[in-house]
Amino acid sequence: MVEEARSPRLDADDCVTPFQVEGLDVRGRVVRLGAGLDAVLAHHAYPAPVKRVIGEAVVLTALLGSSLKFDGRFILQTQTDGPVDMVVVDFVTPDKIRAYARFDADAVAAAEGGNAAAPAQLLGRGHLAMTIDQGLSVNRYQGVVALAGEGLEEAAHEYFRQSEQIPTRVRLAVGEELHAGGASSWRAGGFLVQFLPEEAGRAAQADLHPGDAPEGAAVHAVDEDDAWTEAQALATTLEDVELIDPALSGEQLLFRLFHERGVRVFETQPLAAQCSCSRERVAGVLASFSPEERRDMIQDDGRVTVTCEFCGRSYGFAAEEVLGHADS
């Protein structure tokens, strides 16, 4: 069912703007992050190159997680051999997002390009896992795709080719905005477009390479639909500066891109940097450990302190709270 288009609202930051171009049979979303990205990054002293990695991961998570039509969470996680060996981004429907990265500070500082080191280079090789969690009553769904040194954009394209089999193009951009007096802030933007014609055959894609085909075997090919070819060509004209320009809303960006075809823009969805940790949640995690494991957690001062890796907030518990009065 097609949603009703809305009257324009020129919010530029911290939101997702869904759209549809009926003339090209495509749908998609634009994500713009301003103060929200700064709030995600503020909890740790990340160097600038790591902030770019996290920014790309947060935007990709928002692009994908905002499509969920149920209460739940979308979790993006990388495990790689690069200087930034782990990134976790957690999106809780409909609008809460948080992120954390683990990195080798010396390796980041020594990376080629210095402060301008590319996110793909810092991630390196490994895998990207995307998990949809609808709660205890429904099994988790997880898709895993290789990170082959080409970054999150290409990994997302590979995921949609392998798992969803939906023709998809993704663009991600992150930048630092300098202000008077030496202060700076971070911005990020993302664009996702998918080819979803009513006639499924029009969206057919070439079979994945089997990997063990005899030398000289014919490679399976499919003629690309003209509408999808045009949509991709338009998407390639997007520049990073357009995706992160604070003076350009998602609606204005989409009009620039698709005005000749006619674009319908739907209700903007806000995004907020907000951690979902709480004392009750941490207590529940502690309760999942055995009595012996909980006893080993008790520090010399007779307490257990747990710090949230996402937001840096610490929660302290007395020994009797952790073990139970009968065991303390």
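Side notes on the structure shown:
- Among HIS127, HIS157, HIS179, residue whose mean-square fluctuation peaks in a GNM of the chain (springs only between Cα atoms under 10 Å): HIS179
- Full-extension gain in nm, ALA116 to HIS259, via 0.36 nm per residue minus C-alpha separation: 48.0 nm
- For the chain, built as a Gaussian network whose Cα springs stay under 10 Å, the top-fluctuating residue of PHE70, PHE19, PHE195: PHE70
- Its DSSP H runs of at least 4 residues, each contributing -39,500 (n - 2.57), put the calculated 222 nm mean residue ellipticity of the chain at -7500 deg cm²/dmol, to the nearest 500.
- Left without a cysteine partner by the 4.7 Å Cβ rule in the chain: CYS15.
- For a label point 7 Å along the Cα-to-beta-carbon line of THR237, residues of segment 23-57 with backbone N under 15 Å: 24
- Here the extension length gained between GLU199 and ASP300 equals 29.7 nm, from 0.36 nm per residue of separation less the Cα-Cα distance.
- Here the Gaussian network model covers the chain, with springs between Cα atoms less than 10 Å apart; of ILE166, ILE244, ILE54, ILE166 fluctuates the most.
Only the coordinates and a few stated rules stand behind these numbers; no lab work does. What you see is a predicted model; the values in this text were computed from it and never measured. Here the Cβ is made from the backbone with ideal geometry for all residues, glycine too, and neighbour counts use every protein chain on show.
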